[in-house]
1. Classify region 251-296 as rounded, prolate or oblate from the Cα gyration tensor: take a ≥ b ≥ c as the square roots of its eigenvalues, call it rounded if a/c is under 1.5, otherwise prolate when a/b beats b/c and oblate if not.
2. Based on Cα positions only, what radius of gyration and what Dmax would you give for region 92-223, in angstroms?
3. For the chain, what is the relative contact order in percent, using Cα pairs closer than 8 Å and at least 6 residues apart in sequence?
4. Can you give the helix-only mean residue ellipticity at 222 nm for the chain, where every DSSP H stretch with n ≥ 4 adds -39500 (n - 2.57) and the sum goes over all residues, rounded to the nearest 500 deg cm²/dmol?
5. Taking the 0 to 90 degree range and rounding to the nearest ten, how far is the long axis of helix 50-70 tilted relative to the main principal axis of the chain, both from C-alpha atoms?
6. Relative contact order of region 298-452, please, whole-number percent, based on alpha carbon pairs below 8 angstrom and at least 6 residues apart.
7. At 1.4 Å probe size, with every protein chain present, just tell me what the per residue accessible area of region 357-454 comes to in Å².
8. Over region 96-175, average the accessible area per residue using a 1.4 Å probe and give it in Å², no decimals.
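The values are calculated or read from the model by the stated rules, or taken from the named source; none is laboratory data. Keep in mind the model is a prediction, meaning the values are calculated, not measured. When we count neighbours, we look across all protein chains shown, and the Cβ atoms used for this are built from the backbone with ideal geometry, even at glycine. Side chains included, ligands, DNA and RNA excluded: accessible areas come from the protein's heavy atoms. Shrake-Rupley method; radii C 1.70, N 1.55, O 1.52, S 1.80 Å.
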Amino acid sequence: MWGGRFAEGPASVMREINASIPFDKRMWQQDIAGSKAHVAMLGAQGIVAADDAQAIGAGLDRIADDYAANGVPVDLALEDIHMATEARLADLIGPTAGRLHTARSRNDQVATDFRLWVRDAVDMVGSGLKGLQAALLARAEEHAASVIPGFTHLQVAQPVTLGHHLMAYFEMIARDRSRFADARARMNLCPLGSAALAGTGYPIDRHATAAALGFDGPTRNSLDSVSDRDFALDYLMAATQCALHLSRLAEEVIIWASQPFGFVKLSDAWSTGSSIMPQKRNPDAAELVRGHAGRIMGCMTALSVTMKGLPLAYSKDMQDDKPPVFEAHDLLGLSIAAMTGMVETLRFDTDRMRIAAMAGFSTATDLADWLVRDAGLPFREAHHVTGRIVKRAEEKGIGLADLSLDELKAIDERIDERLYALLTVDASVASRASFGGTAPDQVRARIAEAKAALD
């Protein structure tokens, strides 16, 4: 490729460090699509003869069939997927293949291919996350009234419903999907035709190529088009936030599956054993999802650091833009699929969850609220009174509802027997009927809305 300017070939190490074909071959479908749109435009504009354009298009179709059947051959001398495809085209149709690169550069070519690939990646992630949401919805509906301890600081705080807990993750994933959708909308402009950095003197039709590739239109500045990778960073930042949410859910599964908790049992399909301890059922899938979050975050950091100080326009550093995106996408896809499988197959021990929800004086807030609502105390005073009652129950090693009325009155004479009806975990969750609260009726209402939105 460099024969007109360079008398000698590259050093072997230079050949190896310079080549990106080992990883950018993943973009062969996008490269073929971009080249077909480009040559069709060249033919329509009369820049390339119609017969040549047709021959090039047919040759690209043959290459696509070959790649699909046999994979992309790796030849470091051809550097990247773009040159590999062009060389293969020349083998098929001869010198006419050289007309394909008219009015474009590898700079705008790779920027276009990479946008197309990331756009496809966004669509794949969106589909996977929708499946995870559907799994969360199904399990939340199944357990809309099942009581589980709600934690703060990993200490029992208040009773909630398992359905409410699972729907919290539904909402997180919904925001993740929206972040990917926002990223897709921003990236959906076509760099093709920006050439190396300054545009081209040929009478090209950039709107035509943009439309052919499903973009909303062409990018508006040729320098920006070839030199920025914010669309890839948008993807990685959305992937990082999504991975953090998946990691939190994975952590809860790990905790819940431990013997001291015993809230869930993982299916055999999502567990592993021990090489030495035959009794073990390890939540390795969940642990790997948790671990993948760190790697995905690392991918985002890697590309951020690569791009942080690059002058306009293109620099070879940007060849390293694709490996972190490819790695993050693969890891995120595995994480989504694993979490979806786990959510679908988890077996919840609702009896054990209920018992745990009754521990730790979890209805103390209900007691304080009753003192405010029915006995007329200011909340801060009610908080103090409730704290004394909790201390008394703790000293006796019993629950709040097990204290006698006389003992309660000894702490505050305004307490009467109506209080006892509010100190069960079922009464507690039923009372949290504010919009978005944990009351079963509220949970079912949010599930109905979520189902409609998901459909």
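1. oblate
2. Radius of gyration, then largest Cα-Cα span, for region 92-223: 23.8, 75 Å.
3. 17
4. That comes out to -20000 deg cm²/dmol.
5. Taking the Cα atoms of the chain, the angle to 50-70 is about 50 degrees.
6. Worked out over region 298-452, it gives 15 percent.
7. Here the residues of region 357-454 average 53 Å² of exposed surface.
8. 33
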